[in-house]
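Everything on this sheet refers to the single structure shown next.
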């Protein structure tokens, strides 16, 4: 029995050796290729093909297309960085650019395709970043703080031109406006807090999932047609929460504790499914040809106030306001609303079209049996 076991082990070992030799016979040639040996390491320019900016480089004018980055925190007593070329990317790399005189980052003339991202610009006497004539550009992951310190009118944290994208930026404590943005801008995920002027001010475009708090001007202000969606505007110390220009739509927003009105729309706009609470003025104030649908307005002067004509006010809840639904306008269409605990629930001028008002406030345990589909209600 012992010899048989030894023979089996030997057979396995021999087979392994044969297979190993066979695999070696299949390997490639060990001879080097003909010709001189070429280097295989990358150059420094290939490893980091961007241009570094350090404190010693300031004041700096970027006059050629390319990619640039801050290599350190920079504090200067002089001018900042200027861009006079198209097709420039400036990455702050998480560093801070502090000033200084003038503006932190200035984009001259009608430049386009500029990207500035990933860092903080603070303490500049004029603007943090000003690119007011720049188009088709991006501004991402920036913090603009305490700029405009010379207190001259018109200074702001970030200023852009037309067709720009501004995302995940914060403007805080700037003496003027936090954001001053041009036409057809897209603004997402931004925060404006404690600025001396408007928090977010734009010519037109889309403002989505932004927050404006404790600004001295209006929290979010659009001049012309815009969509403002999923935003929160609160604590404006001397103005409204949201002001939306002609043809604008405000969706799923909150506006509370503003010194002025919660949400203001002018002509041909809409306010849908918003909450307006505890504003010093009206919850929602509307002009002409608007649609005010499915909102909740509590603890304001007037919950919904319409001063113009041909506005549809439908399916809103107004509670604990001085006046629930009121205004001086006429030829408006007012249906399916509910009111409770307002000093005056409905104070509607003549010549409006109003669904029948059922007042159940004095009757407990009411089962509503009215078949009027246009009815308005008082329920407490």
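The values are calculated or read from the model by the stated rules, or taken from the named source; none is laboratory data. For clarity, every value in this text was computed on a predicted model and none was experimentally measured. Backbone-built Cβ (ideal geometry, glycine too); neighbour counts: all protein chains shown.
Restricting attention to the stretch 322-351, the residues being surrounded by fewer than 18 Cβ atoms within 10 Å (Cβ to Cβ) and in a loop (DSSP other than H, G, I, E, B) number 10. Of all the criteria given as (1) surrounded by fewer than 21 Cβ atoms within 10 Å (Cβ to Cβ); (2) at pLDDT 95 or above; (3) assigned to a loop (DSSP other than H, G, I, E, B), the one not satisfied by residue 147 is (1). State whether the residues of the stretch 359-375 include one that is at pLDDT below 95, outside any loop (DSSP other than H, G, I, E, B) and loosely packed, with under 15 Cβ neighbours inside 10 Å. Yes, some residue in the stretch 359-375 is at pLDDT below 95, outside any loop (DSSP other than H, G, I, E, B) and loosely packed, with under 15 Cβ neighbours inside 10 Å.
Within the stretch 113-134, the residues that satisfy the criterion of being surrounded by fewer than 19 Cβ atoms within 10 Å (Cβ to Cβ) and in a strand (DSSP E or B) are 115, 117, 118. Within the stretch 66-73, not a single residue is farther than 15 Å from residue 179 by Cβ and under 19 Å from the mean Cα position of the chain (by Cα). Of the residues making up the stretch 309-321, those that are assigned to a strand (DSSP E or B) and either within 15 Å of residue 277 (Cβ to Cβ) or free of Cβ contacts under 8 Å to residues at least 24 places away in the same chain (or both) are 312, 314, 317, 318, 319.
Here residue 159 passes the criteria (1) in contact (Cβ under 8 Å) with a residue 40 or more places away in the chain; (2) closer than 25 Å to residue 224 by Cα except the one numbered (1). Taken over the stretch 150-180, the criterion of being in a loop (DSSP other than H, G, I, E, B), surrounded by 24 or more Cβ atoms within 10 Å (Cβ to Cβ) and at pLDDT below 95 is satisfied by 155, 176.
Of all the residues that make up the stretch 260-280, how many are farther than 12 Å from residue 228 by Cβ, modelled with pLDDT of 95 or more, in contact with a strand residue (DSSP E or B) (Cβ under 8 Å, 6 or more places away or on another chain) and in a loop (DSSP other than H, G, I, E, B)? Spell out how you get there, then give the answer.
First pass over the stretch 260-280, keeping only residues farther than 12 Å from residue 228 by Cβ: 260-262, 266-268, 273, 275-280.
Add one more test, that the residue is modelled with pLDDT of 95 or more, and what stays is 260-262, 273, 275-280.
From what's left, in contact with a strand residue (DSSP E or B) (Cβ under 8 Å, 6 or more places away or on another chain): 261-262, 273, 275-279.
Checking the rest, the ones that are also in a loop (DSSP other than H, G, I, E, B) come to 261-262, 273, 278-279.
So the answer is 5.
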